[in-house]
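Report on the following structure.
The values are calculated or read from the model by the stated rules, or taken from the named source; none is laboratory data. Since we're looking at a predicted model, the values are computed, not measured. So basically every Cβ, Gly included, is an ideal-geometry build from the backbone, and we count neighbours across all protein chains shown. When the accessible area is computed, the model is the full protein with side chains, heavy atoms only, and any ligands, DNA or RNA have been set aside. Shrake-Rupley method; radii C 1.70, N 1.55, O 1.52, S 1.80 Å.
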Amino acid sequence: MRTAQRIANLPPYLFAEIDRKKAAKTAQGIDVISLGIGDPDTPTPEHIVDAMATAIRNPANHQYPSYVGAPRYRAACAQWMRSRFDVNLDSDTEVLALIGSKEGIAHLFTAFVDLGEYTLVPGCGYPVYHTGGIMVGGLTHWMPMTEENGFLADFESAPADVLAKAKMMFISYPNNPTSAIATEAYFDKAIAFAREHDILLIHDNAYSEIGFDGYAAPSILERPGARDVAIELFSCSKTYNMTGWRVAFACGNHEAIKALGTVKSNIDSGVFTAVQDAAIEAMLGPQDSTRELCDLYRRRRDLVLEALRKIGIQAATPKATIFVWARVPEGFTSTSFAEKVLQEANVIVAPGSAYGPSGEGFVRISLTTPDDRLEEAVRRIEATL
Ligand SMILES: Cc1ncc(COP(=O)(O)O)c(C=O)c1O
């Protein structure tokens, strides 16, 4: 079979690799604890499931969905943005339904990047920011992220020849995998930079609602001038434990929203309308479940941090997201440590280098595992050191 070169050019998809290794061990009867993938272990809240049960019985929902999202879904997204961030959007032109934010990220490349053009990608970040470019023959410029710069992707060091051919720039705070958060000043600099170089700025806010110790993440669209150059992505996946439902939205600059909508209307047929109805209930219904989720992750965060520090592994205390970003012990690389932990402790942690060059020297530990299994995992890691 003669597949396209772009398939051969793709690096192995991190999570598929992790699944493969886990399956091989499990097949040998070994109990593997996966702290690799960030997929909530607790169910979608009952009232959202109930809304879906009603919506699925509505025959009008059984037909092709709207490409851009049902007007009532887009209105709900706009209402959520208004009540959460005081950002006012025109739901007709500035909001677009997505089949999960991963879909939106991938299709942005088709909308904006031609052969040989660059995307500015966080030095470590969600893998599709990089692989999406490979799919369209685009190029990645990795923006350095270091502990010293607070893991704020450094766009200012991008060389002039890259900038001359750059079309998009991704940033994402609260950040996966580092759990870093951004300042308003950083957003303002990114907006000015995107304006100066005529680049579409995409702020991926997938973890907007998962904050601890009083931290509530901002929207980049709160910042002056953002709407001239930026769009922002929000997802029901982590906020409402809806990873399997595939529902998210893009909002912001109307020309970018239109371009992405044009791509989508030629490729997919939108989000199942019943799922959009369930997402409306998620966004406009009671928000207690998200608060409880934050309490759960905060408790697990503290449990993991305490255990890691006891065994001499350094990790900052995250204010947001479902991840702990930990420095690997002396003498290890990200992958050699992750491999040791897998082989000797039967625990999966994600090697930081799999998220990009700035991830070297770290591993990512996901908090989406029940407390007792998390404790057991850290005990097992301790026994290997
Ligand atoms: C930063 C970031 N963006 C986007 C996604 C994709 O989320 P979804 O497609 O489920 O909305 C994820 C998933 O883990 C993520 O971590």
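Brief remarks follow.
- Segment 24-79 versus segment 276-349: alpha-carbon centroid distance in Å: 22 Å
- Cα point-scatterer Debye curve for the chain, base-10 log of I(q)/I(0) at q = 0.13 Å⁻¹: -1.12
- In the context of the full set of protein chains, segment 64-163 has a per residue accessible area of 40 Å² (1.4 Å probe).
- Globularity index of segment 262-385, i.e. its alpha-carbon radius of gyration over 2.2 N^0.38 Å: 1.35
- Surface composition of segment 51-101: carbon plus sulfur atoms contribute 52% of the solvent-accessible area (1.4 Å probe, protein chains only, all chains present).
- Considering only 46, 196, 148, the mean-square fluctuation computed in a Gaussian network model of the chain, springs between alpha carbons under 10 angstrom, is largest for 148.
- Take every DSSP beta bridge whose two residues both sit in the chain; close to 50 percent of them are antiparallel.
- Among the listed pairs 238/258; 102/165; 102/238, those beyond 18 Å (Cα-Cα): 238/258; 102/165
- Within the chain, longest stretch clear of exposed chymotrypsin sites (Phe, Trp or Tyr not before Pro) (DSSP loop, no more than 15 other Cβ within 10 Å): 14-214
- Carbon + sulfur, % of accessible area of segment 237-334 - ligands and nucleic acids excluded, 1.4 Å: 50 percent
- If you run the Gaussian network model on the chain, springs between alpha carbon atoms under 10 Å, then out of 25, 319, 167 the most flexible one is 25.
- Neighbourhood charge, 10 Å Cβ-Cβ cut-off, centred on residue 313 and excluding it, Lys, Arg +1 and Asp, Glu -1: +2
- Local electrostatic count, residue 155, Cβ distance below 11 Å [Lys/Arg +1, Asp/Glu -1]: -2
- Convex hull (Cα only) mean projected area of segment 159-209, reported in nm² to one decimal: 4.0 nm²
- Local electrostatic count, residue 286, Cβ distance below 15 Å [Lys/Arg +1, Asp/Glu -1]: -4
- Over the chain, DSSP H runs of length four or greater, each weighted -39,500 (n - 2.57), average out per residue to a 222 nm ellipticity of -12500 deg cm²/dmol.
- For the residue pairs 25/310; 22/167; 167/340, the C-alpha atoms sit more than 30 angstrom apart in 22/167; 167/340.
- Pairwise Cα inverse-distance average, inverted: Kirkwood Rh of segment 339-385 (Å): 11.3 Å
- Just so you know, the Cα atoms of segment 255-302 work out to an Rg and Dmax of 16.9, 46 Å.
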